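What follows is a short report on a single structure.
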């Protein structure tokens, strides 16, 4: 008997436009100790299938028909009270979005401890040591300090690791992992996946792995289920699908996966660029060359821990320069300071020391009208679209908002512009009248990119801008960014934990660790010959390089696509 069997599952949602079927007749099985990966585009039904298994569909979702057999017992029709006895003990969920899944008014330690108190009320063992052990096991440093912190005090990657700690606390028989590593850098991703693998081997835990990262799915699963438009496109052993995919759709997914590529981006010419920080050298610019589009010099950011606590230096003497029309990437572990650096560049944080220049103009101390004008020149696309899109607004109003704020165009012109932008980021016109909750995570991220495009900025600060997207949509967005850069001469500061994507889209890169740049230079040379031990560790942790069959589905480098 399989641990989990899904038979002819159909799920629908009640929307303003009527009943919408999201999952059609899905069937699959998971054996004890097996990892099954659900892959497919955003909106393919992966997450809906996973949520239906554990009875966590949104209020407007319902199972129309089909069975969900857990150890032979159909739990598809169970009420909330009966399902609560199963969740955590037999089946756990690692959700996709850590911001909306963690209680903002409870400490991290209290939220992990709650699992033990709810499910093991008679266990008299001290809870705190178990909480700290879990935090340490999922790779969170200073567990005693982190246990006393609140979710907003942690980076996105750290919050995701907290969710994983909660999910594995009671050693459930099945873990449903919905994009569990999408916010994590490659080294922590490897540690987390190793943890799931060790639980699987040690306790016979099965994993239903929902992911858009085909490289991770290829390395970590024994069986692949490819979904498209709410249906199973094909399923088989992972090795079989990688070596001989049965459908054109699966072949396209593999071709769009950046981790399977062995080619680099065709670099942009450095028009007036200068040497990057950290010892990398580039050809000196001629005396008459224009200043770089973005220049960061000696940037420092300190935070205080509590009213009287010691200063914590999150960014420490960071410098880099980005020539106009090129892309500079910042990579590093969660908590390395890369997002804080990005927020200072966009002037959502004020530097403690150092300077930021935009096309030669010092913007470090911009205030008032100058800061408002800067918002048209620099746009930031955040890591998490769920928390940056107003849930009360329709998508059309969200995309139009920057135009309204700056008094650009009349109502008709703004609507036309919103429709144009939505089309440009590969969304159908119908989304204009929807709300963010009606869109998938990838669709919401595309809306955020469309909104950032509205003011025609010169510099894009992209903070994990494609981390929430499946490989097909990700490839489309990367091509779009490349096209915009070629046509408009845009400059990108690209913050990412995905080194495979960085290799495709970036010209230069800075590697950050604990607030400092440890190595930087042209992407091609740094990837080919990393000098710093930490850079070597990051590159060695990139999934997909050794997956059998991967070399048969290599994507074209961005610079060669038309």
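Read-outs throughout are calculated quantities, based only on the coordinates presented, and are distinct from any laboratory measurement. Note that the structure is predicted; figures quoted are calculated from it, not measured. Here the Cβ positions follow ideal geometry from the backbone for every residue, glycine too, while neighbour counts run over all protein chains shown.
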Worksheet, complete the sentence: With a Förster distance of 30 angstrom and the Cβ-Cβ distance between residue 311 and residue 117, calculated FRET efficiency to the nearest 0.05 equals 0.25
Response to the item:
Asserting the computed 222 nm helical MRE of the chain (DSSP H runs at least 4 long, -39500 (n - 2.57) per run, divided by residue count, to nearest 500) equals -10000 deg cm²/dmol
Response to the item:
So the angle from the long Cα axis of helix 411-424 to the longest Cα principal axis of the chain, reported in degrees to the nearest 10, equals 70 degrees
Practice prompt. State, to one decimal in nm², a quarter of the convex hull surface area for the C-alpha atoms of region 297-421, i.e. the direction-averaged projected area.
Written response: 10.3 nm²
Worksheet item: How much length is gained on full extension from residue 300 to residue 133, taking 0.36 nm per residue of separation minus their Cα-Cα distance?
Response: 56.8 nm
Worksheet, complete the sentence: Descending packing, highest mean Cβ count within 10 Å first, for 34-45, 419-430 is 34-45, 419-430
Fill in: Residues 233, 400, 114, sorted so that the one with the fewest Cβ neighbours within 10 Å comes first
114, 233, 400
Practice prompt. Please figure out what share of the DSSP beta bridges in region 4-256 is antiparallel and state it in percent, rounded to the nearest 5.
Written response: 55 percent
Worksheet, complete the sentence: For region 4-256 the mean separation of alpha carbon contacts under 8 Å (6+ apart) over residue count, i.e. relative contact order in percent, is 28 percent
Practice prompt. Compute the long axis of helix 156-168 from its Cα atoms, compare it with the longest principal axis of the Cα atoms of the chain, and write down the angle in degrees, 0 to 90, nearest 10.
Written response: 10 degrees
Discussion item. Students often check this: by mean Cβ neighbours within 10 Å, which of 482-492, 456-466, 98-108 ranks highest, and how do the rest follow?
Written reply: 456-466, 482-492, 98-108
Worksheet item: If one takes the longest principal axis of the Cα atoms in the chain, at what angle in degrees, from 0 to 90 and to the nearest 10, does the Cα axis of helix 441-453 lie?
Response: 20 degrees
Discussion item. At a threshold of 8 angstrom on Cα-Cα distance, excluding pairs fewer than six apart, so keeping six or more, what relative contact order does the chain reach in percent?
Written reply: 17 percent
Item to complete: Consider a paramagnetic label point 7 Å from the Cα of residue 411 along Cα→Cβ; state which residues of region 355-395 have an amide N under 17 Å from it.
Response: 394-395
Worksheet item: Considering only the chain, what is the antiparallel percent among its DSSP beta bridges, to the nearest 5?
Response: 55 percent
Item to complete: Output the relative contact order of region 123-270, whole-number percent, from Cα pairs under 8 angstrom with separation of 6+ residues.
Response: 16 percent
Worksheet item: Of the labelled options [x] 75, 53, 47; [y] 97, 57, 48; [z] 79, 64, 40, which one gives Cα extents along the principal axes in Å as computed for this structure?
Response: [x]
Discussion item. Would any residue of region 117-153 have its amide N under 11 Å from a label point 7 Å out along Cα→Cβ of residue 202? List them or say none.
Written reply: 134, 137-138
Item to complete: State, to one decimal in nm, how far the label point of residue 80 lies from the label point of residue 2, with both points 7 Å from Cα in the Cβ direction.
Response: 3.0 nm
Worksheet entry | Global geometry of region 429-553, whether rounded, prolate or oblate, following the gyration tensor of its Cα atoms and the 1.5 cut on a/c | prolate
Worksheet item: Using the count of nearby Cβ atoms within 10 Å as a rough guide to exposure, how do 49, 73 rank from fewest to most?
Response: 73, 49
Worksheet item: Taking other Cβ within 10 Å of each residue's Cβ, how do 13, 382 sort, fewest first?
Response: 13, 382
